[in-house]
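Peer 1: I have a structure here, written as structure tokens, and I will follow up with some questions on it.
The values are calculated or read from the model by the stated rules, or taken from the named source; none is laboratory data. If you're wondering where the values come from, they're calculated on a predicted model, not measured in any experiment. Every residue, glycine among them, receives a Cβ derived from its backbone with ideal geometry; neighbour counts consider all protein chains shown.
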Amino acid sequence: MNLSLAYAAPSFIREQSGQSLFSFAPNLKRAPVFFEGGLRDALSVRDALLCLHDVVQSNFDTRLTASDWDRILDPVATVARDQLFFEAFSGDESSYGRVAVRPGALQNIERWESGTTNVDFTPQLAGAIGTIRSDKDAHFQVDPEAFEVTTESQSRRERKVKLPPSWLRGFLNVQSAMTGELDSFELGRADARNLLAFLKSHKETFGPRALVFHLKPGQKVEAVFEPWNHKMVLTSSVYHGDKEAEVRVFGRRRLFLLNRILPKAKRLRVFLSGSGLPSFWLADLNDDVQFQLAISGWTTRPFAASGLHLSEAQTPLAADVVRRARESLRADEAMDAEALTRALNIVPGDARRALTLLCAQGQAMYDLDVRAYRKREVVDVPLDDLGMVGDPKRLTDARALVAQGKVKVESEVASPFSTQVRGVVSGTRGDYQTSVTLDSEGKIVDADCECAWFEHNALRGGPCKHILALREAVTNAATDVAPKSEEWWATLV
């Protein structure tokens with residue numbers, strides 16, 4: 001599929017009536033999206049947008065060539081009732097940035113019409129954003145009509161970009177990682193500066209290269225820098241989780257993308273999904289402007305390649321439920337699974353599955369800050385309507401193993417909220433002892449396999465086809481039996 005981008009003119013910043021005018025050119029090939037209003041804190045918005053531009057321009061994977069940069073897409077901008085937000089991936093798709101601007105950062109709002117579009121965001125615009133100062137009022141607009149009025153037709157710029165499946169899978173895997181089990185702590189600003197200062201002053205020439213966080217309930221977080229094994233106690237960062245954990249973060253130099261806003265951030269929160277898995281860094285410049293940075297588990301493994309979405313439950317869901325969920329999300333713009341459960345009078349598992357499917361279709365995203373799903377339509381129609389959503393090869397191969405009778409379930413131990421399964425899966429190079437733990441909805445929360453792929457990747461690259469096959473064998477056999485937690489819910493409604 002080709003994504004058509006058409007801009008009446010480049011985005012710009014200019015002086016107008018004694019104030020600075022931020023004017024973002026939206027994609028004219030999409031349904032009109034409007035916002036126009038003043039900025040109370042232009043400097044915070046400026047710094048957050050410059051951080052997003054740093055993400056877009058970054059490339060930590062030295063294997064990429066110049067031609068790979070042609071696939072970089074303009075940021076996605078969404079106007080919602082409770083915030084404006086901009087999202088983008090880095091050139092190597094291993095980093096994701098998001099800027100959120102809430103109503104408290106805005107004033108004198110003249111027009112607000114919800115929707116999602118692409119916006120023209122060039123290096124020239126970033127340079128102009130950097131000139132914004134505090135001594136002038138600032139006005140912000142996303143308005144296609146403004147460009148049609150103030151520019152000549154010959155300035156219109158159009159291009160077609162082949163919509164890369166990796167870009168779409170990247171969004172999906174970011175959401176999948178965010179909705180998983182996360183260890184989190186608030187990182188003190190001084191601690192953050194010390195972390196980056198050490199990395200800046202030390203250049204590793206050999207591995208391992210992890211930044212290791214030691215988390216103990218009620219104690220200060222400890223960070224260890226490999227390969228020097230230098231330990232740093234983060235004196236203003238306390239872990240309040242309920243279990244001890246050690247998490248290894250790779251590709252740590254991507255954290256330099258936070259450099260620009262660290263001196264101004266009022267609060268910095270860290271969410272870790274596990275060793276070699278994505279991590280999320282939320283910087284609040286104030287109560288109303290936030291920058292989010294997500295980095296994949298490895299620099300050379302972009303979000304699209306992580307396969308984390310394969311862990312999500314794959315049980316079928318009625319098309320009518322998905323349709324109604326889409327309509328509810330379009331009406332409310334932001335809701336969690338509990339709210340959707342009440343709105344549609346369905347079981348919680350179906351609500352979560354419906355929201356996950358909407359993310360897979362490019363119609364929704366997960367907001368880690370408020371722990372809710374938001375309407376955000378990457379393209380104008382669901383991706384499955386375009387034939388762009390299909391079963392990944394790994395899942396197709398897993399189902400083939402089940403169909404060929406190559407999966408033998410040896411034990412299945414169920415509890416009210418999880419099921420542990422062990423079995424043997426016959427692969428191309430022999431039989432593999434395989435185990436998987438599923439939550440009440442069929443999502444993979446833990447697994448193990450003897451195959452070489454799993455030995456190298458574990459769950460950092462998503463489940464292998466043998467783990468998926470074992471889950472398929474169990475869920476296929478139990479399609480007529482509701483999970484215990486769903487039975488419990490049914491007694492309440």
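Peer 1: If the requirement is being modelled with pLDDT of 85 or more and of a type in the set (A, V, I, L, M, F, W, C), which of these qualifies: V33, V55? Step through it out loud before you land on a result.
Peer 2: On the way: V33 fails: modelled with pLDDT of 85 or more.
Sole residue among the options that is modelled with pLDDT of 85 or more and of a type in the set (A, V, I, L, M, F, W, C): V55.
Peer 1: Taking segment 317-331, which residues are touching a residue at least 40 places away in the same chain (Cβ under 8 Å) and surrounded by fewer than 20 Cβ atoms within 10 Å (Cβ to Cβ)?
Peer 2: Of everything in segment 317-331, those that are touching a residue at least 40 places away in the same chain (Cβ under 8 Å) and surrounded by fewer than 20 Cβ atoms within 10 Å (Cβ to Cβ) turn out to be L317, R330.
Peer 1: Oh, and also: Report whether or not T475 is surrounded by 15 or more Cβ atoms within 10 Å (Cβ to Cβ), among the β-branched types (V, I, T), at pLDDT 90 or above and not assigned by TED's automatic domain parsing to the domain that holds P278.
Peer 2: Numbers: surrounded by 15 or more Cβ atoms within 10 Å (Cβ to Cβ): yes; among the β-branched types (V, I, T): yes; at pLDDT 90 or above: no; not assigned by TED's automatic domain parsing to the domain that holds P278: yes.
In short, no.
Peer 1: Of the numbered conditions (1) of a type in the set (F, W, Y); (2) more than 26 Å from V45 (Cα to Cα); (3) modelled with pLDDT of 95 or more, F280 fails exactly one; give the number of that condition.
Peer 2: (2)
Peer 1: While we're on this one: Does D431 fit the bill of being surrounded by fewer than 20 Cβ atoms within 10 Å (Cβ to Cβ) and more than 23 Å from the chain's Cα centre (by Cα)?
Peer 2: Working: surrounded by fewer than 20 Cβ atoms within 10 Å (Cβ to Cβ): yes; more than 23 Å from the chain's Cα centre (by Cα): yes.
So D431 fits the description; yes.
Peer 1: Please enumerate the residues belonging to segment 12-53 that are assigned to a loop (DSSP other than H, G, I, E, B) and under 17 Å from G115 (Cβ atoms). Show your work before the answer.
Peer 2: Start the filter on segment 12-53 by keeping residues that are assigned to a loop (DSSP other than H, G, I, E, B), which leaves 17-18, 25, 27-33, 40-41.
Passing the criteria: A25, N27, L28, K29, R30, A31, P32, V33.
Peer 1: Please specify each residue of segment 399-441 satisfying the condition of being small (G, A, S) and within 30 Å of A354 (Cβ to Cβ). Write out each step before concluding.
Peer 2: So the first thing to find is which residues in segment 399-441 are small (G, A, S), and the list is 400, 403, 405, 411, 414-415, 418, 423, 426-427, 430, 435, 440.
Matches in segment 399-441: A400, A403, A414, S415, S418, G423, S435, S440.
Peer 1: Please name all residue pairs, on different chains or six or more residues apart, with Cβ atoms under 8 Å, provided the first residue is in segment 200-216 and is surrounded by fewer than 14 Cβ atoms within 10 Å (Cβ to Cβ) and the second residue is of a type in the set (A, V, I, L, M, F, W, C).
Peer 2: K200/F256; H202/F225; H202/W228
Peer 1: Which count do you get for residues in segment 292-318 that are at pLDDT below 90 and either in contact with a strand residue (DSSP E or B) (Cβ under 7 Å, 6 or more places away or on another chain) or in a helix (DSSP H, G or I) (or both)?
Peer 2: Adding up the residues that qualify gives 7.
Peer 1: Continuing with the same structure: How about segment 220-234: which of its residues are over 22 Å from L282 (Cβ atoms) and surrounded by fewer than 17 Cβ atoms within 10 Å (Cβ to Cβ)? Walk me through it before giving the result.
Peer 2: Kept after step one, since they are over 22 Å from L282 (Cβ atoms), are these residues of segment 220-234: 224-231, 233.
The answer is V224, P227, W228, N229, H230, K231, V233.
Peer 1: Which residue pairs have Cβ atoms closer than 7 Å, lie 6 or more positions apart in sequence or on different chains, and pair a first residue in segment 356-371 that is farther than 18 Å from R324 by Cα with a second residue that is assigned to a helix (DSSP H, G or I)?
Peer 2: Listed by first residue and then by second, the contacts come to Y366/Q175; Y366/M178; Y366/C359; L368/M178.
Peer 1: With segment 242-291 as the region, which strands (runs of 3 or more DSSP E) entirely inside it contain at least 1 residues that are within 23 Å of F225 (Cβ to Cβ), aromatic (F, W, Y) and outside the structural domain of D61 (by TED's automatic domain parsing)?
Peer 2: On the way: elements: 245-249, 267-272, 279-284.
Where strands (runs of 3 or more DSSP E) fall fully within segment 242-291 and carry at least 1 residues being within 23 Å of F225 (Cβ to Cβ), aromatic (F, W, Y) and outside the structural domain of D61 (by TED's automatic domain parsing), they are 267-272, 279-284.
Peer 1: Among the residues that make up segment 183-191, is at least one of them on the phi < 0 side of the Ramachandran plot, assigned to a strand (DSSP E or B) and of a type in the set (F, W, Y)? Walk me through how you get there before you give the answer.
Peer 2: Of all residues in segment 183-191, those on the phi < 0 side of the Ramachandran plot come to 183-191.
Among the residues that remain, those that are also assigned to a strand (DSSP E or B) are: 183-186.
Narrowing further to those that are of a type in the set (F, W, Y): 185.
Yes, there is a match, as at least one residue in segment 183-191 is on the phi < 0 side of the Ramachandran plot, assigned to a strand (DSSP E or B) and of a type in the set (F, W, Y).
Peer 1: Turning to a different aspect of this structure: Of the conditions (1) of a type in the set (K, R); (2) in contact with a Phe, Trp or Tyr (Cβ under 8 Å, 6 or more places away or on another chain); (3) within 30 Å of R376 (Cβ to Cβ), R252 clears all except one; give me its number.
Peer 2: Of everything listed in (1) of a type in the set (K, R); (2) in contact with a Phe, Trp or Tyr (Cβ under 8 Å, 6 or more places away or on another chain); (3) within 30 Å of R376 (Cβ to Cβ), R252 misses just condition (2).
Peer 1: Go through segment 71-122 and count every residue that is free of Cβ contacts under 8 Å to residues at least 40 places away in the same chain, surrounded by fewer than 20 Cβ atoms within 10 Å (Cβ to Cβ) and of a type outside the set (V, I, T).
Peer 2: 1
Peer 1: Only residues in segment 268-285 that are within 18 Å of S94 (Cβ to Cβ) count as the first member; pair them with residues that are among the hydroxyl-bearing types (S, T, Y) and surrounded by fewer than 21 Cβ atoms within 10 Å (Cβ to Cβ), Cβ under 6 angstrom, at least 6 apart or cross-chain, and list the lot.
Peer 2: F271/S184
Peer 1: Could you please find all residues in segment 214-236 being farther than 10 Å from L195 by Cβ, assigned to a strand (DSSP E or B) and not basic (K, R)? Lay out the reasoning, then the answer.
Peer 2: Looking only at segment 214-236, we keep the residues that are farther than 10 Å from L195 by Cβ, and these are 214-222, 224, 226-231, 233, 235-236.
Narrowing further to those that are assigned to a strand (DSSP E or B): 214-215, 220-222, 224, 230-231, 233, 235-236.
Once the filter is applied, which keeps residues that are farther than 10 Å from L195 by Cβ, assigned to a strand (DSSP E or B) and not basic (K, R), segment 214-236 yields H214, L215, V221, E222, V224, H230, V233, T235, S236.
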